[in-house]
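Structure provided below as structure tokens; questions to follow.
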Amino acid sequence: MILLRILLFPFSWLYYLLSQVRNRLYDQGVKPSVSFEVPVICVGNLTVGGTGKTPMVEHLIRLLTARHKIATLSRGYGRTTKGFRIANDDDNASTLGDEPYQFYRRFGKNITVAVGEERALAIPLILQENSEINVVLLDDAFQHRRVTPAFSILLTDYYRPFYNDLLLPSGRLRESRWSARRADVIVVTKCPPDLSEDKRMGIERSIRQYAEKPVFFASIRYGLPKPFVHSGAKNIQQVILITGIANSRPLETYVEQNFGLVRHFVFGDHHQYTAKDIETFLRFAAHYPGVSFLTTEKDSVKLDIPLFHELIKGQPFFYLPIEMDFIKSGKDFDEMVLNVVGRGSKEKL
């Protein structure tokens, strides 16, 4: 693995030069970037793969919906449709993408969920569709420089911090570590709940080598397993874990500590499940009477669908909901967001 990184390093330098030129063109105004009267909050990362963007967007939704009309805007990675689209009851993970559909399934009656590759063009369409919307949440848009956000939240995984990573293809960085300076705040996600103060201070020092920004720390809070619509619900003891996410390590550790983990079926991020996959799960489970199936909420929107209902009907399929849980200073983070949204709303009025 180390040898491969060394061999790929020259290509990382080429990638670095191209990304630097692109960012410089935006910084100097050669490539245009638009801003909007309504506050736009960007949630993103520097790396390829999951850093907890979906739990962060959901945290912001819960924080803001009581007083604001919210719209989420995602590219809709992996969807079968193209162009701008506002979610409705006829949509699913295939037409929207798994994360946007998860937003719609959880909050769809209270927010507007939209997808569109061109965010700068999609935001005016959202506002045209519903003039009451006064906050737009951009999901996975840190590299989308065509929109200038009012507030930018950069996430980095505790287990894979950006300051220890390399640029593609040697590593997983989409752009230079120094790009963290564009963020307004940096949140270290998926931390152990008992993360010590000394460890936090060490991580802050490492981050501030690249960006003098406020740093927050958050862990994952797991909820109680919830059964699929057509599941044969029962108490969970032993489980077969099924994941198609970027980093399943924290979840696997949690399941090992709280359930009897029989096997973990690991798939790549955004995996599109097939009937053959489910038949494989069921055949394996036949050797373990009483075992249940457990997956993420993100995966459940692709598994608990009409196409598979006959296969999983009566089977004990569950998903595990999660929320972002700040380790100290969570109120300070929320206050920063509320101040930005408050300023933006007043400016609009």
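The values are calculated or read from the model by the stated rules, or taken from the named source; none is laboratory data. It should be emphasised that the depicted structure is a prediction, and the values quoted were computed from it without experimental measurement. Ideal geometry is used to build each Cβ from the backbone, glycine not excepted, and the neighbour counts take in all protein chains shown. Heavy atoms of the whole protein, side chains included, go into the accessibility calculation; ligands, DNA and RNA do not. Shrake-Rupley method; radii C 1.70, N 1.55, O 1.52, S 1.80 Å.
Mind checking the full-extension length gain between residue 30 and residue 18? Use 0.36 nm per residue of separation minus the Cα-Cα distance, one decimal, nm. Intermediate values should be presented prior to the final figure.
Working: separation 12, 0.36 × 12 = 4.32 nm, distance 1.53 nm.
Result: 2.8 nm gained on full extension.
Another one. Which value at 222 nm does the chain reach when only helices count, each DSSP H run of 4 or more adding -39,500 (n - 2.57), with the total divided by all residues and rounded to the nearest 500 deg cm²/dmol?
When only DSSP H runs of four or more count, the value is -11000 deg cm²/dmol.
In whole Hz and in residue order, list the ³J(HN,Hα) couplings for segment 153-167 that follow from phi through the Karplus curve 6.51 cos²θ - 1.76 cosθ + 1.60, θ = phi - 60°; x for Gly and Pro.
Each residue's phi maps through the Karplus curve to give 10, 9, 9, 9, 6, 3, 7, 9, x, 4, 6, 9, 10, 10, 5 Hz.
Now for a separate question. Take the Cβ-Cβ distance between residue 198 and residue 323 as r, set R0 to 25 Å, and report the resulting FRET efficiency rounded to the nearest 0.05.
Here the calculated transfer efficiency is 0.40.
Now for a separate question. Could you run the Karplus curve 6.51 cos²θ - 1.76 cosθ + 1.60 with θ = phi - 60° over segment 282-298 and give me ³J(HN,Hα) per residue in whole Hz, x for Gly and Pro?
Each residue's phi maps through the Karplus curve to give 5, 4, 5, 5, 4, 8, 10, x, x, 6, 10, 9, 10, 9, 7, 5, 4 Hz.
Among 176, 55, 255, whose Cα lies farthest out toward the positive end of the dipole of the chain, if unit charges sit on the beta carbon of Lys, Arg (+1) and Asp, Glu (-1)?
Ranked along the dipole, the leading option is 176.
Return the distance in nm (one decimal) between the two label points of a simple spin-label model at residue 266 and residue 81, each offset 7 Å from Cα along Cα→Cβ.
About 3.4 nm separates the two model spin labels.
Hey, another quick one. Provide the convex hull volume over Cα atoms per residue for segment 241-288, in Å³.
Output value, Cα hull per residue: 60 Å³.
For the chain, find the longest principal axis of its Cα atoms and tell me its angle to the long axis of helix 119-129, 0 to 90°, nearest 10.
Tilt of helix 119-129: around 80 degrees.
Moving on. Summing Lys, Arg as +1 and Asp, Glu as -1, what charge do residues with Cβ under 12 Å from the Cβ of residue 129 carry, residue 129 excluded?
+1
With all pairs of different alpha carbon atoms counted, what Kirkwood hydrodynamic radius in Å does segment 191-240 show? Spell out each step's value before the answer.
Working: mean 1/r = 0.0682 Å⁻¹.
It works out to 14.7 Å.
Nearest 10 degrees is fine. How inclined is helix 53-64 to the longest principal axis of the chain, computing both from alpha carbons?
For helix 53-64, the angle is close to 70 degrees.
Next question, about the same structure. Dividing the alpha-carbon Rg of segment 173-260 by 2.2 N^0.38 Å yields what? Mind showing how you got there, number by number?
Values: Rg = 17.9 Å, N = 88, 2.2 N^0.38 = 12.1 Å.
Taking the Cα Rg and dividing by 2.2 N^0.38 Å, one obtains 1.48.
Here's something else I'd like to know. Please list 307-313, 16-22 highest first by mean number of surrounding beta-carbon atoms within 10 Å per residue.
Peptide ranking by packing, descending: 307-313, 16-22.
Given an 8 Å cut-off on Cα distances and at least 6 residues of separation, report the relative contact order of the chain as a percent.
Averaging sequence separation for qualifying contacts and normalising by length gives 21 percent for the chain.
Let me ask another. With a Cα-only, solvent-free Debye model of segment 14-164, what are the log10 I(q)/I(0) values at q = 0.11, 0.12, 0.16, 0.21 Å⁻¹?
Calculated log10 I(q)/I(0) at the listed q: -0.42, -0.51, -0.89, -1.42.
What percentage of the solvent-accessible surface of the chain, computed with a 1.4 Å probe over protein heavy atoms, is contributed by carbon and sulfur atoms?
The computed percentage sits at 52.
Hey, rough spin-label estimate for residue 226 and residue 249, points 7 angstrom out along Cα→Cβ, what's it come to in nanometres?
Distance between label points: 2.8 nm.
What whole-number distance in Å separates the alpha-carbon centres of segment 52-85 and segment 217-258?
Taking the Cα centre of each part, segment 52-85 and segment 217-258 sit 23 Å apart.
Please grab the % of Cα pairs in segment 197-349 that end up more than 21 Å from each other.
The share of Cα pairs beyond 21 Å in segment 197-349 comes to 56 percent.
Then there is this: What accessible area per residue, rounded to a whole number of Å², is obtained for the chain using a probe radius of 1.4 Å?
49
With N set to the residue count of segment 161-224, report its C-alpha Rg divided by 2.2 N^0.38 Å to two decimal places.
Normalised by 2.2 N^0.38 Å, the Cα Rg of segment 161-224 equals 1.22.
Cross-link partners among aspartates and glutamates for residue 53, C-alpha distance below 17 Å, same-chain residues fewer than 8 apart left out?
Once the sequence-local aspartates and glutamates are set aside, what remains near residue 53 is 98, 99, 139, 140, 157, 184, 269, 297, 299, 323, 325, 334.
Less than 15 Å Cβ to Cβ from residue 263, Lys/Arg counted +1 and Asp/Glu -1: what total charge do the surrounding residues give? It would help to have the intermediate numbers written out before the result.
Numbers: positive: 283; negative: 252, 256, 277.
Its environment carries a net charge of -2.
What pairs from 199/226; 109/313; 302/328 go past 30 Å between their alpha carbons?
The pairs that break the limit, which is 30 Å between Cα atoms, are 199/226; 302/328.
Between residue 332 and residue 146, what's the calculated FRET efficiency when r is the beta-carbon distance and R0 is 25 Å? Round to 0.05. Mind dumping the intermediate values first?
Numbers: r = 30 Å, r/R0 = 1.22.
In this case the efficiency is close to 0.25.
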